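Asker: Have a look at this one before I ask anything.
The values are calculated or read from the model by the stated rules, or taken from the named source; none is laboratory data. Note that this is a predicted model, so its numbers are computed, not measured. Cβ placement follows ideal geometry from the backbone for every residue including glycine, while neighbour counts extend to all protein chains displayed.
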Amino acid sequence: MTCGACDNTLSRVLRAPISDGLTRLWRSLTPFLMKMVSIAVDEQLLEQIDAVAQGRRQKRSDILCEAARQWLKQQRIKTLVKQDREGYRKQPVQPDEFGPLMRAQKWGRP
């Protein structure tokens with residue numbers, strides 16, 4: 001079973017130049033791949049986002065998605081650092097735990 005709108009979009013994509021066709025195909029599929037959300041943003045922040053988006057020739061949603069990905073990455077790093085600290089708190093480094101390694105890395109004076 002096919003959708004008339006999808007067939008129409010596909011035929012337009014196939015007639016367009018390759019790069020233009022890929023762009024159109026991506027845009028036609030985006031509504032099926034993305035979820036729409038509604039968020040509250042203060043006016044000044046929204047103006048800044050829009051200015052960046054316009055300067056980079058991107059959509060507002062692209063800028064917000066990029067910011068969300070960066071924030072999630074930072075949160076993951078914070079979690080890993082916290083787990084690392086907790087591990088060393090529970091099992092501290094022994095006085096000579098790294099002694100052989102440190103002695104092997106000593107360089108003579110020139």
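Residues are listed down the side, and each one gets a yes or a no for (1) modelled with pLDDT under 90; (2) outside the structural domain of Leu45 (by TED's automatic domain parsing); (3) surrounded by 10 or more Cβ atoms within 10 Å (Cβ to Cβ); (4) among the polar types (S, T, N, Q):
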position	(1), (2), (3), (4)
Arg60	no, no, yes, no
Cys65	no, no, yes, no
Ala68	no, no, yes, no
Arg76	no, no, yes, no
Lys82	no, no, yes, no
Glu86	no, no, yes, no
Phe98	yes, yes, yes, no
Gln105	yes, yes, no, yes
Gly108	yes, yes, no, no
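Asker: Ok, one more. Picking from Gln58, Gln75, which residue would you name as being under 27 Å from Met34 (Cβ atoms), of a type outside the set (Ser, Thr, Tyr) and assigned to a helix (DSSP H, G or I)?
Answerer: The unique qualifying residue is Gln75.
Asker: Sort out which residues of segment 35-55 are surrounded by 10 or more Cβ atoms within 10 Å (Cβ to Cβ) and either touching a residue at least 24 places away in the same chain (Cβ under 8 Å) or in a helix (DSSP H, G or I) (or both), and write them in order of number.
Answerer: Leu46, Glu47, Gln48, Ile49, Asp50, Ala51, Val52, Ala53, Gln54
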